[in-house]
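**Q** Got a structure for you, written out below as structure tokens; questions coming shortly.
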Amino acid sequence: MADSLLGPSFSCTTITSSPLLNLKSNFQLRPTKSLPMSAVHSHCFSNSNPNPTLPSLLVFSGGTAFNGVVEELKRLTTRVAHVLPVSDDGGSTAEIVRVLGGPAVGDIRSRCLRLSDQSSSEALAVRKLLGHRLPLDPRQAKSEWYSIVEGEHSLWRGVSRPYSETIQAFLVYFQNEILRRPKESFCFSNGSIGNFFFAGARIFFQSLDAAIFLFSRVSDIPSESLVPPVISTNDRLTLGCELLDGTVIRGQNEISHPANGFMEPVKKEMSSVPALPSRIKRVFYMSSEGSNLLHEVFPTVNPAVLEQLSSVDCIIYAMGSLFTSICPSLVLRGIGEIISSRSCPKVLLLNGSLDRETSGFSASSFVTAITDALNRTYGDPQNSLKNSPSQYINTLLVPKEGAIPLDLQCLASQGIFDLVCRLTVVDLIDIWDKNFSFPSFDKNKLLHSVKESEREE
């Protein structure tokens with residue numbers, strides 16, 4: 001699967017015969033209907049099908065890049081399982097994990113907020129409260145936090161008593177957990193109120209699933225929208241990576257955007273962080289406890305994710321940080337086995353630009369990285385797979401004016417022949433115009449560029 005492999009060229013007829021076209025014909029797209037609140041149940045992982053006329057999708061993503069699509073996606077279908085990693089160790093998430101332990105919840109909180117209801121003034125008030133971040137200055141942050149947790153802050157305006165008492169109770173519980181650890185000085189700088197609420201709920205219930213359920217109900221996400229963590233655990237998870245030169249880096253933040261110890265908003269542009277000394281070979285999970293912190297561990301994938309993978313109509317690898325947002329979900333045992341067995345559309349949304357993790361990558365390099373992760377190529381040979389790239393990806397979406405080279409012959413050698421310039425289930429052609437972080441898809445220009453590439457070949 002080397003980047004330089006050559007293969008057959010693309011044809012215009014192949015480009016216009018995407019498996020996604022067949023998917024739309026099987027569904028009549030209608031506005032979704034909300035379901036009444038049910039008893040506490042595995043809401044976020046339920047396999048219920050309240051509106052079978054809507055297409056069902058499973059999206060592997062991180063907590064930032066795909067957010068620009070989520071709200072638009074709700075207008076088309078709410079039957080989406082957003083599978084997210086729980087290994088983020090940057091920002092306010094890092095401070096929560098450092099002091100209180102447990103998995104990282106920032107990505108899940110971010111996605112739940114994007115899915116949350118906005119149809120009433122109270123819904124908007126709740127969203128504003130849970131989406132609020134404290135100031136960067138530690139003293140100002142701590143002062144504002146006390147104002148919020150004591151119920152005196154203006155953010156509580158518009159939030160009714162049942163909601164405010166529920167949210168405040170878990171914020172108070174979170175504060176009490178911090179006070180129980182006097183040796184650990186908690187820094188509230190740039191802290192997310194939603195993360196604090198989420199952490200308080202997880203510790204109270206001793207269950208990540210229960211915390212997701214509560215957050216989903218408080219933020220009132222659509223009943224058929226699922227936000228399962230790829231690993232359901234109460235333990236801290238640490239991501240590691242091995243570079244091609246043998247270097248091992250510990251921690252998602254250190255891999256993607258090292259912050260040099262400063263608490264500040266994340267900047268992932270290549271110009272803002274030093275380049276890696278070598279390309280990333282693989283990512284894996286590392287021990288978070290004990291003396292041997294370089295020891296590799298093998299967490300179990302969330303069974304709810306496998307259940308969704310087995311039944312959805314389309315599988316999507318979203319744009320975002322390839323090795324720290326997407327691949328952590330793909331390297332787990334069971335993921336590659338199910339995806340390779342499915343005959344549904346399997347779509348890669350190619351990034352619009354390169355970052356620290358993907359410096360020098362072409363489109364086929366992304367396909368290779370995803371294939372290696374799903375095959376667990378560089379892990380234990382007893383648990384590796386030998387599937388071809390086309391068993392994991394059969395459709396590639398390329399953004400307008402993207403900076404990543406589209407090496408058509410290499411893609412063809414991998415069995416990737418469908419470059420879709422019209423996405424029929426999720427109209428990303430229009431949505432990308434509203435996502436400031438990534439270039440937009442343009443059907444006519446993309447088709448033209450592919451034809452020109454064919455002539456050059």
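**Q** Check off (1) over 29 Å from the mean Cα position of the chain (by Cα); (2) part of a helix (DSSP H, G or I); (3) under 30 Å from Thr78 (Cβ atoms) for Gly158 and give me the number that stays unchecked.
**A** Evaluating Gly158 over (1) over 29 Å from the mean Cα position of the chain (by Cα); (2) part of a helix (DSSP H, G or I); (3) under 30 Å from Thr78 (Cβ atoms) leaves (2) as the failure.
**Q** Has the range 139-151 got at least one residue that is in a helix (DSSP H, G or I) and touching a helix residue (DSSP H, G or I) at 6+ places or on another chain (Cβ under 7 Å)?
**A** The answer is yes, given that some residue of the range 139-151 is in a helix (DSSP H, G or I) and touching a helix residue (DSSP H, G or I) at 6+ places or on another chain (Cβ under 7 Å).
**Q** Of Ser219, Ser185, Ser192, Ser207, which residue is under 29 Å from the mean Cα position of the chain (by Cα) and under 18 Å from Ala94 (Cα atoms)?
**A** Matching residue, one of Ser219, Ser185, Ser192, Ser207: Ser192.
**Q** Are any residues in the range 121-147 surrounded by 19 or more Cβ atoms within 10 Å (Cβ to Cβ) and either over 24 Å from Val172 (Cβ atoms) or aliphatic (A, V, I, L, M) (or both), and if so, which ones?
**A** If the condition is that a residue be surrounded by 19 or more Cβ atoms within 10 Å (Cβ to Cβ) and either over 24 Å from Val172 (Cβ atoms) or aliphatic (A, V, I, L, M) (or both), then Val126, Leu129, Leu130, Leu134, Ala141 are the ones that fit.
**Q** Inside the range 195-220, can you point out the residues that are over 16 Å from Pro162 (Cα atoms) and of a type in the set (D, E, K, R)?
**A** Scanning the range 195-220 gives Arg202, Asp209.
**Q** Only one residue in Phe196, Phe174, Phe215, Phe188 is part of a loop (DSSP other than H, G, I, E, B) and either touching a Lys or Arg at 6+ places or on another chain (Cβ under 6 Å) or crowded, with 20+ Cβ neighbours inside 10 Å (or both), so which one is that?
**A** It is Phe188.
**Q** Another one. Is it the case that Val83 is within 24 Å of Leu136 (Cβ to Cβ) and either modelled with pLDDT under 95 or of a type outside the set (Phe, Trp, Tyr) (or both)?
**A** So Val83 does not fit the description; no.
**Q** Related question: Having 3 or more residues that are among the acidic types (Asp, Glu) and at pLDDT 95 or above is the bar; report the helices (runs of 4 or more DSSP H) wholly within the range 321-431 that clear it.
**A** Values: elements: 327-330, 335-341, 363-375, 408-413, 428-431.
Where helices (runs of 4 or more DSSP H) fall fully within the range 321-431, none carries at least 3 residues being among the acidic types (Asp, Glu) and at pLDDT 95 or above.
**Q** Could you grab me the full set of residues in the range 71-102 that are in a loop (DSSP other than H, G, I, E, B) and touching a Gly at 6+ places or on another chain (Cβ under 6 Å)?
**A** Asp88, Asp89
**Q** Right, next: Go through the range 105-120 and give me each residue that's in contact with a Leu (Cβ under 7 Å, 6 or more places away or on another chain) and buried (at least 23 other Cβ atoms within 10 Å of the Cβ).
**A** Those that are in contact with a Leu (Cβ under 7 Å, 6 or more places away or on another chain) and buried (at least 23 other Cβ atoms within 10 Å of the Cβ): Asp107, Ile108, Arg111.
**Q** Could you look through the range 224-235, keep only residues that are touching a Lys or Arg at 6+ places or on another chain (Cβ under 9 Å) and buried (at least 17 other Cβ atoms within 10 Å of the Cβ), and pick out the one that is nearest to Arg376 (Cα to Cα)?
**A** That would be Val227.
**Q** Any residue in the range 304-324 that is assigned by TED's automatic domain parsing to the domain that holds Ile280 and at positive phi sitting within a Cβ distance under 8 Å of a residue that is surrounded by 21 or more Cβ atoms within 10 Å (Cβ to Cβ) and not charged (D, E, K, R)? List the pairs, counting only those 6 or more apart or interchain.
**A** Partner pairs satisfying both residue conditions: Gly320/Ser61; Gly320/Gly62; Gly320/Ala65; Gly320/Phe66; Gly320/Ile326; Gly320/Asn351.
The values are calculated or read from the model by the stated rules, or taken from the named source; none is laboratory data. Worth saying up front: this structure is predicted, and the values here are computed from it rather than measured. Every residue, glycine as well, gets a Cβ built from its backbone with ideal geometry; the counts of neighbours run over all protein chains shown.
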